[in-house]
Each structure stands twice: as C-alpha cells, then as structure tokens.
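The values are calculated or read from the model by the stated rules, or taken from the named source; none is laboratory data. Quick caveat: nothing in here was measured; it's all calculated off a predicted structure. Because the Cβ atoms are built from the backbone with ideal geometry, glycine has one as well, and the counts that use them run over all protein chains shown. The protein model used for the area step is the full one, side chains on, heavy atoms only, and it has no ligands, DNA or RNA in it. Shrake-Rupley method; radii C 1.70, N 1.55, O 1.52, S 1.80 Å.
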Amino acid sequence: MLSLARSMDAKQTLRFGHSERLVAFSERLGESLGLEEEDLQELRIASWLHDVGKIAVPDNILLKPGALNVEETKIVREHPVIGEKMCAPLKALRRILPVIRHHHERVDGSGYPDGLCGEAIPLKARILQVADVYDALTTERPYRGALSSEEALRILFKEARNGWLDASLVCKFSELCQFVECYPVRSRSMLASYYT
Ligand SMILES: [Fe+2]
Ligand SMILES: [Fe+2]
C-alpha cells in the first residue's frame, strides 16, 4: 500500500514528496494536540495512504493541467471511497479507514463523500486536511508558483472562515509555523523544506 501511495506521488511530479511532507505536518499538528503515540502512528499511516484511491483515476484526468469538467470531478471525488475499499481487507489498516474515507469532508457539511459536519468528521481526518491544503498551496502547480508560508496560512484561515477547515486546528497549525522562519526557497517555503 505504501509503495502504491509513493507511486501516486511520483506520477504527479509536481506533487512529488507530498505524502512524506504530509506525514511530517500532520504528525507535528497531532503532537501539539497531545495525541498518544498510537494515534500519531495511525495519523502517519493515514497521511501516507489518504490518496491511494487515486490509482483508479485515469491519468488524463489526474494529470490534467486545467480545470476538470463535471464528469471528471465526479470521478476524482470517488478516490476516498476507493481508497477505503483498497485498504479495508488489511486488518492493520482497519482503524484508519474512516480517515481515508472522510479526508475531503468539510466542517460545514459541504464536503464528500458523506457530507459530515464538524466533529462528526474524525479528528485525524481534520488534521490531515489542514496539512494537505497547506502542502498543496506551498507546492508549485502548473498554473502558479508555490505560495509562501504566510500566503498559504492566510488562505487556510480564509477556508476556515468559509466553514471548510477546522478553525481551531488552523490556529494551532499557524502557531506551529511561528517557530520556523518562512522564507520562500526555490519555490518551496522554508517551513516545508524544514520538514522534508
Ligand atoms: Fe484526497
Ligand atoms: Fe493529498
């Protein structure tokens, strides 16, 4: 499963190293919340595997540089449920299945696949979301360069105000970022390179 996840990252060259960075970001956020080692371990594994279901998304959609149409969006949005099904037969992964399934829910209920609200979304999935969005923003994309840590945090707060991300976790994450100087370095922020 980890090899599959790594190959997904490798396929999307601009996202290379995404899962590894995500593990580091979410682990740090989880630690700051006082999660026990067992929970941190689950968070690490879930961070690695969250997008493994994208293996079922055709490359012409996955690697499309422009905006997705309605049908393509529908296909991409199946990846949390496919990922859950892929991991379900493995007993060792049973406890992270809800994290994989719910990593695209939004606290206002507008996410997918189940439209869960607030704390009905597993805490580990909410932690992973903050780290996931931060890494997406601070990584170069075909249509824009990598944002600085400050710009990325500003967008995270905006998403929290919109009711998409857990505001208390965004606050916590931004506090953690204060401990590291955040100068953009060759299209990566210092914070991100610190963790890689
Ligand atoms: Fe995802
Ligand atoms: Fe991701």
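Looking only at residues in region 141-189 that are open to solvent by 40 Å² or more (accessible area, probe 1.4 Å) and aromatic (Phe, Trp, Tyr), the one that is modelled with the lowest pLDDT is TYR183.
Of VAL81, VAL23, VAL52, which residue is under 16 Å from VAL133 (Cα atoms) and within 15 Å of ligand 1 (Cβ to nearest atom)?
The match here is VAL23.
State all residues of region 156-181 that are in a helix (DSSP H, G or I) and of a type in the set (Phe, Trp, Tyr); if no residue qualifies, say none.
Applying the first criterion (in a helix (DSSP H, G or I)) to region 156-181 yields 156-161, 167-177.
Answer for region 156-181, where residues must be in a helix (DSSP H, G or I) and of a type in the set (Phe, Trp, Tyr): PHE157, PHE173.
Residue count for region 25-50 satisfying the condition of being among the small types (Gly, Ala, Ser) and crowded, with 18+ Cβ neighbours inside 10 Å: 4.
Considering region 80-138, the residues that are free of Cβ contacts under 8 Å to residues at least 12 places away in the same chain and farther than 23 Å from ALA160 by Cβ include one that is least open to solvent (accessible area, probe 1.4 Å), namely ALA88. Take the conditions at pLDDT 95 or above, of a type outside the set (Ser, Thr, Tyr) and farther than 26 Å from GLY163 by Cβ and apply them to ARG77. Does it pass? It is false that ARG77 is at pLDDT 95 or above, of a type outside the set (Ser, Thr, Tyr) and farther than 26 Å from GLY163 by Cβ. Within region 113-124, does at least one residue satisfy the condition of being modelled with pLDDT under 95 and away from ligand 2 (no atom under 16 Å from the Cβ)? For region 113-124, residues modelled with pLDDT under 95 and away from ligand 2 (no atom under 16 Å from the Cβ): absent. With the condition kept exactly as written, say whether any residue in region 134-146 is within 16 Å of ligand 1 (Cβ to nearest atom) and of a type in the set (Ser, Thr, Tyr). Checking region 134-146: at least one residue is within 16 Å of ligand 1 (Cβ to nearest atom) and of a type in the set (Ser, Thr, Tyr).
If I filter region 45-61 for residues that are within 16 Å of ligand 2 (Cβ to nearest atom), acidic (Asp, Glu) and over 26 Å from ASP114 (Cβ atoms), do I get at least one hit? Within region 45-61, not a single residue is within 16 Å of ligand 2 (Cβ to nearest atom), acidic (Asp, Glu) and over 26 Å from ASP114 (Cβ atoms).
Consider VAL99 carefully, then state whether it is assigned to a helix (DSSP H, G or I) and farther than 20 Å from SER3 by Cβ. Criteria not met by VAL99.
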